[in-house]
Structures are given as C-alpha cells and as structure tokens.
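Please read the structure below before turning to the comments.
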Amino acid sequence: MKKNAEYLAKLREVMKEENVDCVIISGTDPHQSELPPMHWRGREWLTGFASENGTNGTAVVLADKAYVWTDSRYFIQATDQLRDTGFEMMKEDGPEAVDLVDWVTEHVNAGQTVAIDGMTFSISQAQRIQQELSDNNIKFNDHFNPFDKIWSDRPSRPKNKLFVHDEKIVGETVESKMSRLMTEVKGELANAVMLSALDDIAWATNVRTAGDIAFSPIFVAYLYVDDSKRILFIDQEKISKEVADHLAKYNIEVKPYDSVLEFVKSLPKETRLLIDPEKTSRGLYDNIGCTPVFGGANVAKLKSVKNDTMLQNVHTAMLKDGVALTRFFMMVEKEYPTGTLTEVELGKRLRALRLADPSCVDESFSPILGWNAHGAIVHYEANEQTDVPVTGDGLLLVDSGGQYTYGTTDITRTIGLGTPTAEEIHDYTLVLKGHIALARAIFPKGTRGGQLDALARQFLWNEGKAYYHGTGHGVGFFINCHEGPQSIRLNDVPTPLEPGMITSDEPGIYIEGKYGIRIENLIATRYLETTDFGDFYNFETLTLFPYDARLIERAILTKEEIDWINTYHARVLTELSPLLAPEEQKWLAEKCATI
C-alpha cells in the first residue's frame, strides 16, 4: 500500500475523535481557486491523486470506504494514481456519472454527521450539501479541518513579493476599475463588496506576483471596497515598496490576511455586503455580521471583457508565442529521427523557449505533451514515472501556453510524426472541422456559449464519436488561463458572449490506449454588424500557428473550410515571418503552404 493509506488512517482517527461519520474534502482553497497553493492541497496530499498542474476532485471518506469524484479529463490518471491508496474513483460526468451529494445521503444514516471545512467550500456548494443532508435527517458540521493535525509537514502560505502590472499595458487605472466596480455593486442593491477570488483581486488592483499560484501571476488576499474604504487583506511580507506606493496612490489600506474574519464580523448592520456565493467560502459567510447580498455576476464580467489596449497587447503576446512555437516544432521535427526526445525533455525545451522572452513570466499551465496513448489522457502530465521516448509512428499532442505581461496564451496542436494512419488523419480532420465551424460562427447579441457548443461537436457526433470536456473556457489577461464567467460547453452557462471576451476553441477526440487529438486557438468575440434583427457578433482568431497539413483529409473538407485554413495560414506566415530567422521563415512557409 502507498503512504496515502497511512494518511487515511490518521484522518479516520481524527474523525472518530470529533464524532464525524463522513467527511467531504474539496480540492480548493478559501478563494475557490482552480489551482490552489500547496498549503491548501490537502485532498491531493491525502489521496495521491495529484499533479503539478493540479487535479479536479473531491474526496469522501467514511469509516470503511473512501472515494474521489473527478471528471472525464482525469479518469485514466485517477484510476492509476488511486491504486493502493485506499481510495477508489467515482465519475462525476459522462454516462456513468454518480452525484456525490446523492451518494453521501444514501450511504450515511439519519442522525450521523457529515463534515466539511467551510473555508474550502463555496457558499453555494455548502448550502446544497446542508440542504440535502437536512432533508435526510443527517447532521452537518462545516468547521472540520483535520489537516493541521494529520499533515505534519504542511507547506505554509506563500510569501512571494508582489509587483505592479504596468497600467500602460492594462489600459485602465485602478481608480477607473474601482469606480466601475462600485457602480456594479450599487446596481445589485449593495453598498460594499468583498472580493475573495484571487483573479478578481489581481484585476482590480493591477498587481501581480509569481509563485503564489502555480502558472498564474495572482496572489493570496481578500479585497474589501465601499465608497470610503478600500482594504487589501494580505500577508505584509508580500508588499514591496513599489507596491506599497501603488496601493497608497489609490487609497488602498493593507491589513493582515488573517484579520478578514474579524473584519466582516464587525461590519455595521447597515452595510449591505455583496458577495458571490460561487466564489466566497462558507467559512467567511458564517462570520459576516452585516447584511449579505448574493450576486456578483456583473462584477465578474468586468474582468472578462478586455479593452482595446488589452486586445492589442494580446496580439503582441501571440506573436511572441508563435515565435517560440515555431522554434519548438522545428526542433521536434529535426531531432525526432534521432530517437533521443522524450515527453519530459520536450516539456523542458518548450518552457525554455517561451521564457527566453523577457516578457514571459511563466507558463500559463504545466504543458501537456502526450505521445500516442498518453495523448488520450486529457490532462496528462509527463514525469519521470510516466515519461516515454517519442519514437516510431504516431501523434504528439502539445497543449501549452505562456503568461506574458502582454497577455495570456493557450494553444494546442497535434502533429503526426513518422507515418500517420488513415484513422488518425480522419479523426484529426473531424476535430479540425468542428474547430473551424466554431471559429467561423456568426451569432446575435445575447448568445451564450452553450448555444454554440454543438458547432464544434457535430462532425464527431455524426460518426458516433464524442468528447466530454468543455469546448471553450474564458481566458484572462495576464491572470488565470481559465477565467469565467463565459464558457462554451455542453451545460448551459447563463453569461452571453460579449465583444472583448476571450475564449478557447478546443474540440478533441481521445481513443484510450491509442492516441488523443485536440486543436485549440484562442478567439475573441467582436462586433460584426447591425441588421434589422439586431446586433451580430463573430470571432477573431488570436492564436498564430499553423495546423499539421499532413493530418488533413482534404476530401472531407468543404471549399469554405479549405479557404478558411488557407487564409489563416497566410496570416500566420505574414505576421510571424518578420520575427524569424531565414531558416525558420522557410520552415514556416512550408507549414503554411496552400492546401
């Protein structure tokens, strides 16, 4: 058995001491971060289902059973990593999905106690759990935090120094953002707001850091704003003189991170505090002494709509990214015949090429480099245990991105090495057709991502094939690679797509044990025209790098699809060539040749 079985036994001892019959453990932190700092990665430490890039999962532990719920991106990885840990995997999506809360209510008896750490569950999550438990006469404890007792070498909170994000690049001052923020707050019948989500706080303050959250230049803090006060709750060690001066310029007071609960407890009753129930922890909510107002959708949208300066700078980031990718894939093709390349080595090379540009602070996530069968693991992460040589015939899936001060990038390309099979070529082309269909979409104002999602899936569905991850996620501006509230996915998200929003366009197909194919560009919603039927929008493709023409089955493409590819490739060549050396220009010209 792995060491995780020992951790599980320790947890059960604490559960017994505190009369807890079942504990539900989230994979996040008090800020509902997608990728929390190591200090809050207790679920990963406990279960062994973990990676540098984070994993999505929720653990459930009873006296004699232990499970981890996760989504289809991680089924293969979780099955492997949970072996001999005392935990088993449960599927939270797909045709065999099991609802976690329903399962808990069926396996815990009336009168028993289910516990969570309220600081690591959102208000909405905790309320749903509490309601269903109450309906089944099961007790609920939202103050159970066992990790300080059982995790002896638990990492401390991150203490990385902050820096100011140049407002010339951002295109908006903090004062302007605070004014717009309070306008939205008052529009929701509140007079103050507490921001818990770390990307919201980084956006509002024009401040960043490196190291608090892996691959995201955001920092651990809370931010309170009303008409007379602006308070940043943060560990003082993180504040440099540059940042202290910046915050003082905008009248932002600094208070200790740990004082936030006492602060919300002491707010006057007449304070109507806007909090987002999806982003605010149950633990913070339990301490609020004033009148809470649930909302925040319009606040989140402020960050998601990029201004013209941001969009221009994202284009600069895409040029830099295209140069790095050109050099990377040239290297892959040149060295592949030697048989010396491995997935881990490729990841190191790609990181070095991106970070060679001084404006690239970090990758935007741990790159996914999957050769053949590993490409079928949607969120595969190569390491010393899983690493394989890139030799023989097959497909290499490379999903990667960079955190440039000019913007965040995220791109996936799948390339063929050696001799691709007819099946690989056909599936690649089906994915490409869906990718193009979404990129070419024209839609009226008010359209939501879920209404466009089938455009990317239709060609796979026509042949009885499918993928179950989202087709597109929102992307931040030198913040998080994954950003809401907009998305393009099977389940409907109520936020309409608006001009200035950036999303990914990334359909795929995954054949377990054989190969994975995903093609991804970033696209920006933009205004197209006004007709008698209202305003219409379309997408601008932001990413600049060619597709693998050797994997395209031209016979199943329409003329419009072929024209779109050729136009895109011509643009890639025109924009990247001036930044490349002659040998690189020649290579790129071959990849962008008319099909």
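The values are calculated or read from the model by the stated rules, or taken from the named source; none is laboratory data. None of these values were measured; they are calculated from a predicted model. Here Cβ is always computed from backbone atoms with ideal geometry, including for glycine, and neighbour counts include all displayed protein chains. Side chains are part of the model used for accessible areas, which takes the heavy atoms of the whole protein and leaves out ligands, DNA and RNA. Shrake-Rupley method; radii C 1.70, N 1.55, O 1.52, S 1.80 Å.
In terms of overall dimensions, the stretch 556-595 has a Cα radius of gyration and Dmax of 11.3, 35 angstrom. Selection among His143, Ser176, Val108 by position relative to the dipole of the stretch 75-209 gives Ser176 as farthest towards the positive end (Cβ unit charges, Cα centre). Among the listed pairs Lys186/Lys238; Lys301/Lys559; Lys10/Lys91; Lys149/Lys301; Lys91/Lys514, a Cα-Cα separation exceeding 29 Å is found for Lys186/Lys238; Lys301/Lys559; Lys149/Lys301. Net charge of the neighbourhood of Leu580, taken over other residues with C-beta under 11 Å away and scored Lys/Arg +1, Asp/Glu -1, is -1. Looking at the stretch 83-127, the accessible area is 45 square angstrom per residue; that uses a 1.4 Å probe and ignores ligands, DNA and RNA. Heavy-atom accessible surface of Lys591, to the nearest 10 Å², is about 60 Å², with a 1.4 Å probe and all protein chains retained. Note that the stretch 362-468 presents 32 Å² accessible area per residue, ligands and nucleic acids not counted, probe 1.4 Å.
Could you sort Arg73, Arg43 by their accessible area in this structure, using a 1.4 Å probe and putting the largest first?
Listed by decreasing accessible area, they come as Arg73, Arg43.
Taking the Cα atoms of the stretch 1-121, the ratio Rg/Rh between the radius of gyration and the Kirkwood radius comes to 0.94.
Within the shell defined by Cβ-Cβ distances under 14 Å, the residues around Val398 carry a net charge of -4, with Lys and Arg each +1 and Asp and Glu each -1. Highest mean first, the peptides 186-193, 111-118, 98-105, 319-326 sorted by other C-beta atoms within 10 Å per residue fall in the order 319-326, 111-118, 186-193, 98-105. Note on the chain: with neighbouring protein chains present and a 1.4 Å probe, carbon and sulfur make up 50 percent of its accessible heavy-atom surface. Rounded to the nearest 10 square angstrom, Trp461 shows an accessible area of 120 square angstrom against a 1.4 Å probe.
Classify the stretch 232-386 as rounded, prolate or oblate, taking a ≥ b ≥ c as the square roots of the eigenvalues of its Cα gyration tensor: rounded when a/c is under 1.5, otherwise prolate if a/b is larger than b/c and oblate if not. Taking the square roots of the gyration eigenvalues as a ≥ b ≥ c, the stretch 232-386 is prolate.
Between beta-carbons, use under 12 Å as the cut-off and find the net charge around Arg128, counting Lys and Arg +1, Asp and Glu -1.
-4
Computed with a 1.4 Å probe on the full set of protein chains, the accessible area for Tyr7 sits at about 40 Å². Of the listed residues His469, His107, the order by accessible area with a 1.4 Å probe, largest first, is His107, His469.
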